[in-house]
Amino acid sequence: MKALGIDVGGSGIKGAIVDLNRGELVTDRIRYVTPKHARPRAVALKIAKIASKLEWRGEIGVGFPAAIKNNVALSASNIAQSWIGTDAGEVISKATGSKVTLLNDADAAAIAEFEYGGQKDTQGLVIFITIGTGLGTAFINNGVLVPNLELGHLYLKNKGDAEWYASNAARKRNNHSWKVWARRFNHYLDAMESLFQPDQFVIGGGVSKRPELFMEYISVNTPIRMAALKNEAGIIGAAMAARGLKRH
Ligand code: BGC
């Protein structure tokens, strides 16, 4: 069983065809820079470009940086505000001619990691945090996804929005060393730990490929694992959603 998985991010739109029996990409991963302002039609056209480059005509799943219900975006942080209330599924369907299913990008990464990243039997509360332009969060509690959490926007006392303070984009914007950024991220993990008492944190996104850069500065009590699927998890989880393989 295959589907096209697309991961829409604040800086790039990535896609590949995924074999869902193995949880692996079976084509090259195509990436385009996210169009300036990331407005609906411009983003949909990039997705159509990926589908046509991969000669894909079946179902498409899209991991999207917003809370999503029934394919409609309910929030917008690193994308145009005009997504809010837009039936994103319809806009992308129109551009691609395919059936489209959307879900939050961190939820997509979390379900893929759980299914194919060796987490299948993990009990208790696992908190996934994807670090990129935004801070994406997902809870999987005893194997069941709690969708659309948006805890990357947790308000940290005296620091403000967690994403603005501790995302990878914040590190770049502030020109911080990994040590300075890691202390900020640790502050965020600390807040998440005291609020939710998870059994495990899983870190995904680009930085999960280089734990040696920051893990020595992290000092929370909860065990932390880097995502096994690295930054392909979002694409794989989106493809799962296209085929109705969500965890709920
Ligand atoms: C968005 C989330 C998204 C995260 C990672 C945040 O700004 O609000 O919906 O999961 O970025 O892309």
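The values are calculated or read from the model by the stated rules, or taken from the named source; none is laboratory data. This one's a predicted model, so the numbers in the text were calculated from it and none came from an experiment. Cβ atoms come from the backbone with ideal geometry, glycine included; neighbour counts cover every protein chain shown.
Quick one: how many residues across the range 142-160 are modelled with pLDDT of 95 or more and touching a Gly at 6+ places or on another chain (Cβ under 8 Å)?
The total comes to 1.
Please find, among Ala239, Ala170, Ala228, the residue that is within 13 Å of the ligand (Cβ to nearest atom) and either touching a helix residue (DSSP H, G or I) at 6+ places or on another chain (Cβ under 8 Å) or touching a residue at least 12 places away in the same chain (Cβ under 8 Å) (or both). Even if it seems obvious, please write down each step before you answer.
Numbers: Ala239 fails: within 13 Å of the ligand (Cβ to nearest atom); Ala228 fails: within 13 Å of the ligand (Cβ to nearest atom).
Being within 13 Å of the ligand (Cβ to nearest atom) and either touching a helix residue (DSSP H, G or I) at 6+ places or on another chain (Cβ under 8 Å) or touching a residue at least 12 places away in the same chain (Cβ under 8 Å) (or both) holds for just one of Ala239, Ala170, Ala228, which is Ala170.
Do we have any residue at all in the range 125-138 that's closer than 26 Å to Asp87 by Cα, over 13 Å from the mean Cα position of the chain (by Cα) and near the ligand (Cβ under 10 Å from one of its atoms)?
The answer is no; no qualifying residue exists.
Can you spot a residue in the range 163-183 that is basic (Lys, Arg) and closer than 26 Å to Ala238 by Cβ?
Scanning the range 163-183 turns up at least one residue that is basic (Lys, Arg) and closer than 26 Å to Ala238 by Cβ.
Assuming Tyr155 fulfils every condition listed in (1) more than 12 Å from the ligand (Cβ to nearest atom); (2) farther than 21 Å from Phe185 by Cα; (3) without any contact (Cβ under 8 Å) to a residue 12 or more places away in the chain apart from one, which condition is it?
Of everything listed in (1) more than 12 Å from the ligand (Cβ to nearest atom); (2) farther than 21 Å from Phe185 by Cα; (3) without any contact (Cβ under 8 Å) to a residue 12 or more places away in the chain, Tyr155 misses just condition (2).
Here's a check for you: in the range 173-199, which residue that is of a type in the set (Gly, Ala, Ser) and either in contact (Cβ under 8 Å) with a residue 24 or more places away in the chain or touching a His at 6+ places or on another chain (Cβ under 9 Å) (or both) is farthest from the ligand (Cβ to nearest atom)? Show your work before the answer.
Pass one, the range 173-199, residues of a type in the set (Gly, Ala, Ser): 177, 182, 191, 194.
Retained after the next criterion (residues that are either in contact (Cβ under 8 Å) with a residue 24 or more places away in the chain or touching a His at 6+ places or on another chain (Cβ under 9 Å) (or both)): 182, 191.
Details: Ala182: 19, Ala191: 16 Å.
Out of the qualifying residues, it is Ala182.
Criterion first (assigned by TED's automatic domain parsing to the domain that holds Ser75 and within 16 Å of the ligand (Cβ to nearest atom)) does Asp19 satisfy it?
Values: assigned by TED's automatic domain parsing to the domain that holds Ser75: yes; within 16 Å of the ligand (Cβ to nearest atom): no.
So Asp19 does not fit the description; no.
Of these, Ala112, Ala76, Ala106, which one is under 27 Å from Lys36 (Cβ atoms), at pLDDT 95 or above and either outside the structural domain of Gly23 (by TED's automatic domain parsing) or buried (at least 18 other Cβ atoms within 10 Å of the Cβ) (or both)?
Values: Ala112 fails: under 27 Å from Lys36 (Cβ atoms); Ala76 fails: at pLDDT 95 or above.
So the residue among Ala112, Ala76, Ala106 that is under 27 Å from Lys36 (Cβ atoms), at pLDDT 95 or above and either outside the structural domain of Gly23 (by TED's automatic domain parsing) or buried (at least 18 other Cβ atoms within 10 Å of the Cβ) (or both) is Ala106.
Does Phe128 qualify as being within 17 Å of Gly205 (Cβ to Cβ), part of a helix (DSSP H, G or I) and in contact (Cβ under 8 Å) with a residue 40 or more places away in the chain?
Numbers: within 17 Å of Gly205 (Cβ to Cβ): yes; part of a helix (DSSP H, G or I): no; in contact (Cβ under 8 Å) with a residue 40 or more places away in the chain: yes.
Answer is no for this residue.
Out of the range 134-179, which residues are crowded, with 23+ Cβ neighbours inside 10 Å, part of a loop (DSSP other than H, G, I, E, B) and of a type in the set (S, T, N, Q)?
Within the range 134-179, Ser167 is the sole residue that qualifies.
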